[in-house]
Amino acid sequence: MKPPKLQAVRGMQDLVGEAAARFERVVDAFREVGRRFGFRRVEVPVVEFTAVFARTLGETTDVVAKEMYTFDDRGGESLTLRPEFTAGICRAFVANGWAQHVPMKLMTHGPLFRYERPQKGRYRQFHQVDAEVIGAAEPQADVELLALADMLLAELGIGGVTLQLNTLGDAASRAAWREALVAHFAAHRDALSDDSRRRLETNPLRILDSKDEADRALVAEAPVIDSFLTSEAGAFFEAVQRGLAAAGVAFVRAPRLVRGFDYYRHTAFEFVTDRLGAQGTVIGGGRYDGLIEAMGGPPTPAVGWAGGIERLMALSAEPPPEPLLAVIPETAEAEPAAARVALQLRRAGIATDFAFRGNQKRRRELAARAGATDLLFVRPGEALELNLVGDYPDESAQRARAAALRAALPEAQLLVRGAPA
RNA sequence: GCGAUCGUAGCUCAAUCGGUUAGAGCACUGGUUUGUGGUACCAGGGGUUGCGGGUUCGAGUCCCGUCGAUCGCCCCA
């Protein structure tokens, strides 16, 4: 029935109306909280040379091994659609010498691509909001970033999400821990699931969040990072936790939390929920102090996180209705006057709906469907009649709205109905 | 890549045990009515039941294949 060519590519979606509005709301809230914290917008390409991701994320991570959208361009260069933000931002940082601007507080959002089977809260083209602090080694940078994420969730009315916090230690701590984990799991190799036996070779830390029953029993006995932390790493983690407490950001210690990419050091965290099926992570991130140096830049400490816009959309509360005024000509003769009034309102900054066609009755229907909170009727040679029909919280809100509209139409005669005088 | 479930109008769905011409709401189009808080009335257009094959007197319904979707595994935002 539908020609196959007109179908969207698997895992990529078209959004209008309610869904598009929710998407926009997440981005708006993100921009707003970012502004409060002094983050600046950064724009980086959607496509990078494949090596940018392959080298920085870790060759054995699943994203690199099997999930990248990689292709050769006409010059034979291997390019990849970005599967995450951090690698591209760091590449830009090194390539452009942004070290001179350090510390940088950067924010961005946009599409990412991962070749996976789509399911709830998970798409091949998905979108993230992303915040990074580059060039700050202080634990307060971690704290501020977490407070930003916490505020974003609050702004969107998202509850039931908990911040799970862990440290992966510095390079020495992490290496020692990893070695101990390999030894522990290798000793119980026979009891491990097939998947985890494979992980033992490729990415042993990932065994820690296996969903397999038998694995979980072994994971419960596995060594914890704490005994391997250097004193510096331990002190840093302490400082982050104290800072969060002082900032009033609630968290739980998750001693077995690890992250998917190889570049994380020290702080690692996820905001998780049980409301998204198998995909519990809404926002995830951590510190990646060695990454920029490893890419060939100057030694530069950094922290960051990314949040899935589709997941935030799914969790966010119903957005409050925006005020919208519909201008409705009573008759065909009133049409030019009504168009003038609509334009005047728009110049004054009032969101105004003005239907392209239809009689008065039809336009009332269209206005209702457009979500109009107010109707303004225009008749030739008579006063404009304003009808406040939306659900206003109280009378003072209605009065304020009426006053704002009167101010937008200073020389017009306005008859207000449906509102207290 | 693997598994489970599901594909009927633009959307959401109905159709008894396999049985006559596949229905309804919303949306759309035309008209009637109406001085005003999404809600009146009449009519109309719109379907090879995802696609291909099979079983049967007869398939939207059963079987096989295929494509797609959803959810899960893996992994992650």
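The values are calculated or read from the model by the stated rules, or taken from the named source; none is laboratory data. All values derive from a computational prediction rather than experimental measurement. Note that we place each Cβ from the backbone using ideal geometry, even for glycine, and neighbour counts take in every protein chain shown. SASA here: full protein model, heavy atoms, side chains in, ligands and nucleic acids out. Shrake-Rupley method; radii C 1.70, N 1.55, O 1.52, S 1.80 Å.
General remarks:
- Those residues of region A:258-287 which are within 25 Å of A:Gly135 (Cα to Cα), open to solvent by 30 Å² or more (accessible area, probe 1.4 Å) and among the basic types (Lys, Arg), in sequence order: A:Arg259, A:Arg265
- Of all residues in region A:332-370 being within 15 Å of RNA strand B (Cβ to nearest atom) and closer than 18 Å to A:Ala404 by Cβ, the one that is nearest to the chain's Cα centre (by Cα): A:Asp353
- Exactly one residue out of A:Glu365, A:Glu395 is free of Cβ contacts under 8 Å to residues at least 12 places away in the same chain and among the charged types (D, E, K, R), and it is A:Glu365.
- Only one of the listed residues (A:Arg357, A:Arg362) is in a loop (DSSP other than H, G, I, E, B), farther than 15 Å from A:Glu322 by Cα and open to solvent by 20 Å² or more (accessible area, probe 1.4 Å). That residue is A:Arg357.
- Region A:71-116, residues that are aromatic (Phe, Trp, Tyr) and within 14 Å of RNA strand B (Cβ to nearest atom): A:Phe85, A:Phe113, A:Tyr115
- Filtering region A:385-407 to residues that are within 17 Å of A:Asp353 (Cα to Cα) and assigned to a loop (DSSP other than H, G, I, E, B) leaves A:Val389, A:Gly390.
- In region A:197-215, the residues that are within 15 Å of A:Gly260 (Cα to Cα) and within 10 Å of RNA strand B (Cβ to nearest atom): A:Arg199, A:Thr202, A:Asn203, A:Leu205, A:Arg206, A:Ile207, A:Leu208, A:Asp209, A:Ser210
- Every condition in (1) crowded, with 19+ Cβ neighbours inside 10 Å; (2) in a helix (DSSP H, G or I) is met by A:Ala372 except one, and the failing one is (2).
- Failed criterion for A:Gly390 (all others in (1) touching a strand residue (DSSP E or B) at 6+ places or on another chain (Cβ under 7 Å); (2) more than 19 Å from A:Val341 (Cα to Cα); (3) open to solvent by 70 Å² or more (accessible area, probe 1.4 Å) hold): (3)
- Restricting region A:216-253 to residues that are of a type in the set (Lys, Arg) and away from RNA strand B (no atom under 16 Å from the Cβ), the residue that is nearest to A:His184 (Cα to Cα): A:Arg253
- Per the listing A:Glu411, A:Glu382, A:Glu335, the residue uniquely open to solvent by 30 Å² or more (accessible area, probe 1.4 Å), outside any loop (DSSP other than H, G, I, E, B), of a type in the set (Asp, Glu) and farther than 30 Å from A:Gly280 by Cα is A:Glu335.
- Inside region A:287-319, residues that are in a loop (DSSP other than H, G, I, E, B) and under 25 Å from A:Val272 (Cα atoms) make up a count of 6.
- The numbered conditions (1) within 20 Å of A:Arg265 (Cα to Cα); (2) surrounded by fewer than 20 Cβ atoms within 10 Å (Cβ to Cβ); (3) among the polar types (S, T, N, Q) are all true for A:Thr167 except (2).
- Answer from A:Gly349, A:Gly304, A:Gly358, A:Gly308 - the residue that is in contact (Cβ under 8 Å) with a residue 12 or more places away in the chain and not assigned by TED's automatic domain parsing to the domain that holds A:Ala136: A:Gly349
- Residues in region A:308-324 that are of a type in the set (A, V, I, L, M) and within 13 Å of RNA strand B (Cβ to nearest atom): A:Ile309, A:Leu312, A:Met313, A:Ala314, A:Leu315, A:Leu324.
- Scanning region A:198-234 for residues that are among the small types (Gly, Ala, Ser) and either surrounded by 15 or more Cβ atoms within 10 Å (Cβ to Cβ) or under 25 Å from A:Glu59 (Cβ atoms) (or both) yields A:Ser210, A:Ala222, A:Ala233, A:Gly234.
- Region A:55-77: number of residues that are open to solvent by less than 40 Å² (accessible area, probe 1.4 Å) and modelled with pLDDT of 90 or more: 1
- The numbered conditions (1) open to solvent by 30 Å² or more (accessible area, probe 1.4 Å); (2) at pLDDT 95 or above are all true for A:His101 except (2).
- Subset of region A:353-386 (residues that are farther than 25 Å from A:Gly17 by Cα and not basic (Lys, Arg)): A:Phe377, A:Val378, A:Pro380, A:Gly381, A:Glu382, A:Ala383, A:Leu384, A:Glu385, A:Leu386
- Condition check for A:Gln119: open to solvent by 60 Å² or more (accessible area, probe 1.4 Å) and within 16 Å of RNA strand B (Cβ to nearest atom): yes
- Qualifying residue in region A:175-193 (condition: modelled with pLDDT of 85 or more and of a type in the set (Ser, Thr, Tyr)): no
- Here A:Gly290 passes the criteria (1) small (Gly, Ala, Ser); (2) at pLDDT 90 or above; (3) surrounded by 13 or more Cβ atoms within 10 Å (Cβ to Cβ) except the one numbered (2).
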